[in-house]
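A quick write-up on the structure given underneath.
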């Protein structure tokens, strides 16, 4: 297992001045005179330096340091920095004079309103009957009634007998902060902290439905840190991370990673890691155990997966002899990890292979060979990209699941402020339907607009034994291009910005097909709406045929002939590459009763071997004849367009 350098959470949170701190703490646990009045209210809030955990380090880290020492240190610094800044912001506020107080049990600071801030803020601290303290940070739109204030951060703190000791919790609502000031708070979700500050310092952080700026969907993560008085400590971490995408882009699902790291005060430590779910076979568990020395260099590693194990180094060098793994109350691996529903959705690999393969193609291939090849490649690219986009979304943890289906999102693109969601429903054995919708951020629930929908029924075959095995199955999807364009920025719209597309695809026994219909399709190059049909069938041996009907200007450039004609064609080919196109052109610049029929043949190098064109009355339409010695097919064929599911 290699190191995954992607941070599990990207916190551009409360302040743009957030930095990852190589934190140090101060010993302020001496007995001190008890504070009274407003000073006691100020002192009740935890301080940033008390809320961070120290990890042994040195000024110059070795370039070949242990992988999971670096992993542990990176996440520790990130979470330390975030918690430190948020607590210090509140602490800085209460160091000022309160706007309202009874001098003993409560105080209110604010409202505070920066000249460029869209929101106003206030902080209230109140002593409870049991001696603990409750505090709230509230915000509201700068010109709104303060009565509309919402809670952004809510916390409680119970002081210890010694200064600087105590325990408590706080909950930061990033979504509420984002709604008030999306520039300063770009993420959404909830960040919850529980802490205990004593001889052993403990900090537990939970991120729920967190979505940072640039993250495609929300995610959850669990962290726990402890630090003993002598500097030894532990780190527990659970989240979904893609551990092998860099080595194999096809394996792009997130695995469930559970990590426990332990270290001694002078540096040596051990990490024990479990990876499950994601691209791993169902029920498979991969274990990694790694130890490092006082210089943070790896001293031992063990990598174990079903049926095999690899080790390197001396296990006797480990500061802890036995493996330990994280435990969090209420944690359920099955609900936390990616859901198995994604296994039955269509994938780019379900497409038929690109056909019309020839050996050593001619420098000037036959025109309709080139037209057919390019049409197939472009159509496959469109279908593949659509399936890739769907697949990418479902490779991330769903936000909600039931036995009937799962939902991904809602998540928001903060550049366009468009919120989208994807729903997948089980409709039968290995059969699923899916639907994506969007609305502008902040719009009510009735504003959701359907962008695309589809379905897929898979025959997994040997997929459980071999994740790379081709699967038999069939499916469909429909795109509303106009709806999609309505949520895109004007300068970023796809050239195909109007109309709708329906695609049906299948693979059975080595044979694959794609059938496509586009209705009222318009683009920036061709704004006049047009309909298109396309049908591709490829046999297991590589032979096949494609039929298409689309508008095209066959005499483009000719003066006074600017209209688009209606083009229908069928191209057939054999496994060795020889092929033939039968073409019919009508309307456009042709007379109302005229039609052009064409026939082209090519060899296994795509070089033209036979060509016939004839303009004739539509009433006659005498078919051009193929040369049996120069053409792979002796007969004329008309395009074949199967009936689609919505017709």
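Limited to segment 577-602, what total is found for residues that are more than 16 Å from residue 635 (Cα to Cα) and either touching a helix residue (DSSP H, G or I) at 6+ places or on another chain (Cβ under 9 Å) or touching a residue at least 60 places away in the same chain (Cβ under 8 Å) (or both)? Can you show your working first?
Kept after step one, since they are more than 16 Å from residue 635 (Cα to Cα), are these residues of segment 577-602: 577, 585-596.
Subset that is either touching a helix residue (DSSP H, G or I) at 6+ places or on another chain (Cβ under 9 Å) or touching a residue at least 60 places away in the same chain (Cβ under 8 Å) (or both): 577.
Here the count works out to 1.
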Filtering segment 420-451 down to residues that are in contact with a strand residue (DSSP E or B) (Cβ under 6 Å, 6 or more places away or on another chain), assigned to a loop (DSSP other than H, G, I, E, B) and modelled with pLDDT of 85 or more, which residue is farthest from residue 510 (Cα to Cα)? 441
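Give 144, 192, 232 a once-over and let me know the one that is within 30 Å of residue 70 (Cα to Cα) and either more than 32 Å from the chain's Cα centre (by Cα) or modelled with pLDDT under 90 (or both).
Numbers: 144 fails: within 30 Å of residue 70 (Cα to Cα); 192 fails: either more than 32 Å from the chain's Cα centre (by Cα) or modelled with pLDDT under 90 (or both).
The conditions single out 232.
If you go through segment 568-590 one residue at a time, how many are more than 20 Å from residue 549 (Cβ to Cβ) and at pLDDT below 90?
Taking segment 568-590 as the starting set, the residues that turn out to be more than 20 Å from residue 549 (Cβ to Cβ) are 574-578.
When the remaining residues are screened for being at pLDDT below 90, the result is 575-577.
Selection size over segment 568-590: 3.
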Scan segment 55-66 and give yes if some residue there is modelled with pLDDT under 85, surrounded by fewer than 16 Cβ atoms within 10 Å (Cβ to Cβ) and in a helix (DSSP H, G or I), otherwise no. no
Scan segment 87-107 and give yes if some residue there is out of contact with any helix residue (DSSP H, G or I) (no Cβ under 7 Å at 6 or more places or on another chain), in contact (Cβ under 8 Å) with a residue 60 or more places away in the chain, buried (at least 19 other Cβ atoms within 10 Å of the Cβ) and in the same structural domain as residue 181 (by TED's automatic domain parsing), otherwise no. yes
Considering segment 378-414 alone, what residues qualify as being in a loop (DSSP other than H, G, I, E, B) and either outside the structural domain of residue 475 (by TED's automatic domain parsing) or touching a residue at least 40 places away in the same chain (Cβ under 8 Å) (or both)? 395, 396, 397, 398, 399, 414
Enumeration of residues in segment 102-124 that are more than 40 Å from the chain's Cα centre (by Cα) and either part of a helix (DSSP H, G or I) or at negative phi (or both): 102, 104, 105, 106, 107, 108, 109
From the option list 247, 218, single residue qualifying as over 29 Å from residue 187 (Cα atoms) and either modelled with pLDDT under 90 or in contact with a helix residue (DSSP H, G or I) (Cβ under 7 Å, 6 or more places away or on another chain) (or both) is 247
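Kindly provide the set of residues from segment 452-492 that are assigned to a loop (DSSP other than H, G, I, E, B) and at pLDDT 75 or above, ordered by number.
Applying the first criterion (assigned to a loop (DSSP other than H, G, I, E, B)) to segment 452-492 yields 460-471, 487-489.
Hits for segment 452-492 are 487, 488.
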Looking for something in contact with a helix residue (DSSP H, G or I) (Cβ under 6 Å, 6 or more places away or on another chain) and surrounded by 15 or more Cβ atoms within 10 Å (Cβ to Cβ) - is there at least one such residue anywhere in segment 518-533? no
Take the conditions crowded, with 16+ Cβ neighbours inside 10 Å, at positive phi and part of a loop (DSSP other than H, G, I, E, B) and apply them to residue 626. Does it pass? no
Return a yes/no flag: does segment 541-563 have any residue that is surrounded by fewer than 18 Cβ atoms within 10 Å (Cβ to Cβ), within 31 Å of the chain's Cα centre (by Cα) and in the same structural domain as residue 383 (by TED's automatic domain parsing). no
Please go through segment 254-303 and pick out each residue that is over 24 Å from residue 316 (Cβ atoms), assigned to a loop (DSSP other than H, G, I, E, B) and touching a strand residue (DSSP E or B) at 6+ places or on another chain (Cβ under 9 Å). 254, 277, 278, 279, 280, 283, 284
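The values are calculated or read from the model by the stated rules, or taken from the named source; none is laboratory data. Small disclaimer: the values here were computed from a predicted structure and weren't measured. Please note: Cβ atoms are built from the backbone with ideal geometry, for glycine as well, and neighbour counts cover all protein chains shown.
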